[in-house]
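Novice: Right, I'll just put the structure down here and ask away after.
The values are calculated or read from the model by the stated rules, or taken from the named source; none is laboratory data. All values reported here derive from a predicted model rather than from experimental measurement. We place every Cβ from the backbone using ideal geometry, glycine too, and count neighbours over all the protein chains shown.
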Amino acid sequence: MDTVSLACRSLGGEASAPPLVLLHGMLGSSRNWQTSGRKLAESFRVTALDLRNHGESPHHEVMDYPSMAADVLRWLDGRELERVHLVGHSMGGKVSMYLACRYPERVASLTVVDIAPRAVPPRWEKEFTLMREMPIGDFQRRSEAEAWLEGEIRDWAFRKFLVSNLERDDDGNFRWIINLEILHQALPNLFQQVPADGQRFEGPVLFIKGEKSRFIQDDDREMILHFFPFARLETVAEAGHNVHFDQPDAFVRLISNFIERPGQ
């Protein structure tokens, strides 16, 4: 299996502190973790990764969970990290679940942020189509890209999130830093069930759900416990899908308490 060398962002922490690795969601990057990651660095040595086809990591035509997990393992091996506390949001949560079930010896604890193991119909078709149609060569400022999306995407925060993937090239023109075409093609892969039937992780697991989000439903609890028999589920009030953005203090407190006292 081809792997890529992932870009990463150190968010602080003492060299002797337990290592904690953060994995972002679809169209995100390591930048998404800066606020909550720096808070977590008060107790842990925190690193956020850019998954393949995202952020500053290389692009690759294969985009699926086995490949993303293999990239993370390569990164861990390159830093001689035998076991880490793993935190994954949304798509990154499924990468984390895949890793924990296939390579349990590498995962000291698992935190899954606002995603369930179940398969769902692919989302984001509209957003990807709009981004591919966007005339980015005509824009001088990101605000113009946001304005172009406004008629179809009403949520201003989501518009900002999408256009955060625009960066300037050496000539000062905007370009997508994500591999937009490959990600669009890979959507069916990324909404599959993870883990596969017959797999499980028997270490400590925390699922964090945003109160205003529908990505984890009440009837997902049975499936979660089937794959992760020692999992517990916590809901963060006044948070949507991006719990680490919406309520960073509550988010950090939950993870810190869970890792320090996993059985409670």
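Novice: Can you tell me which residue is nearest to D64 (Cα to Cα) among those in the range 173-204 that are among the β-branched types (V, I, T) and over 16 Å from the mean Cα position of the chain (by Cα)?
Specialist: That would be I182.
Novice: Ok, one more. Taking only the range 116-128 into account, find how many residues are surrounded by 11 or more Cβ atoms within 10 Å (Cβ to Cβ), assigned to a helix (DSSP H, G or I) and out of contact with any helix residue (DSSP H, G or I) (no Cβ under 8 Å at 6 or more places or on another chain).
Specialist: 0
Novice: Further question: If you check R52, R74, which single one turns out to be out of contact with any Leu (no Cβ under 6 Å at 6 or more places or on another chain), farther than 19 Å from V113 by Cα, surrounded by fewer than 21 Cβ atoms within 10 Å (Cβ to Cβ) and among the basic types (K, R)?
Specialist: Sole residue among the options that is out of contact with any Leu (no Cβ under 6 Å at 6 or more places or on another chain), farther than 19 Å from V113 by Cα, surrounded by fewer than 21 Cβ atoms within 10 Å (Cβ to Cβ) and among the basic types (K, R): R74.
Novice: Taking the residues in the range 175-184 that are in contact (Cβ under 8 Å) with a residue 60 or more places away in the chain and assigned to a helix (DSSP H, G or I) as candidates, determine which candidate is surrounded by the most Cβ atoms within 10 Å (Cβ to Cβ).
Specialist: By that ranking, first place goes to L183.
Novice: Here's a follow-up. Restricting the search to the range 1-44, which residues are polar (S, T, N, Q), in contact (Cβ under 8 Å) with a residue 40 or more places away in the chain and in contact with a strand residue (DSSP E or B) (Cβ under 6 Å, 6 or more places away or on another chain)?
Specialist: None - no residue of the range 1-44 is polar (S, T, N, Q), in contact (Cβ under 8 Å) with a residue 40 or more places away in the chain and in contact with a strand residue (DSSP E or B) (Cβ under 6 Å, 6 or more places away or on another chain), so the list stays empty.
Novice: Condition (residue is on the phi > 0 side of the Ramachandran plot and not acidic (D, E)) applied to the range 191-209: is it met by at least one residue?
Specialist: yes
Novice: Okay, next question. Could you check the range 206-262 for helices (runs of 4 or more DSSP H) lying wholly inside it with 2 or more residues that are more than 23 Å from V194 (Cα to Cα) and without any contact (Cβ under 8 Å) to a residue 60 or more places away in the chain?
Specialist: Hits in the range 206-262: 248-260.
Novice: Right, here's the next one. Would you be able to tell me the number of residues in the range 227-264 that are of a type in the set (D, E, K, R) and either crowded, with 18+ Cβ neighbours inside 10 Å or under 18 Å from R45 (Cα atoms) (or both)?
Specialist: Residues in the range 227-264 being of a type in the set (D, E, K, R) and either crowded, with 18+ Cβ neighbours inside 10 Å or under 18 Å from R45 (Cα atoms) (or both): 5 in total.
Novice: Another question about this same structure. Do we find that Y103 is among the aromatic types (F, W, Y) and in contact with a Pro (Cβ under 9 Å, 6 or more places away or on another chain) in this structure?
Specialist: Against the criterion (among the aromatic types (F, W, Y) and in contact with a Pro (Cβ under 9 Å, 6 or more places away or on another chain)), Y103 does not qualify.
Novice: Still on this structure, I have one more. What pairs can you find where one residue is in the range 154-174 and assigned by TED's automatic domain parsing to the domain that holds A239, the other is exposed (fewer than 12 other Cβ atoms within 10 Å of the Cβ), and their Cβ atoms are less than 7 Å apart, with a gap of 6+ or different chains?
Specialist: Here the result reads none, with nothing in the range 154-174 linked to a residue that is exposed (fewer than 12 other Cβ atoms within 10 Å of the Cβ).
Novice: Restricting the range 195-217 to residues that are among the small types (G, A, S) and under 20 Å from L99 (Cα atoms), which is surrounded by the fewest Cβ atoms within 10 Å (Cβ to Cβ)?
Specialist: G198
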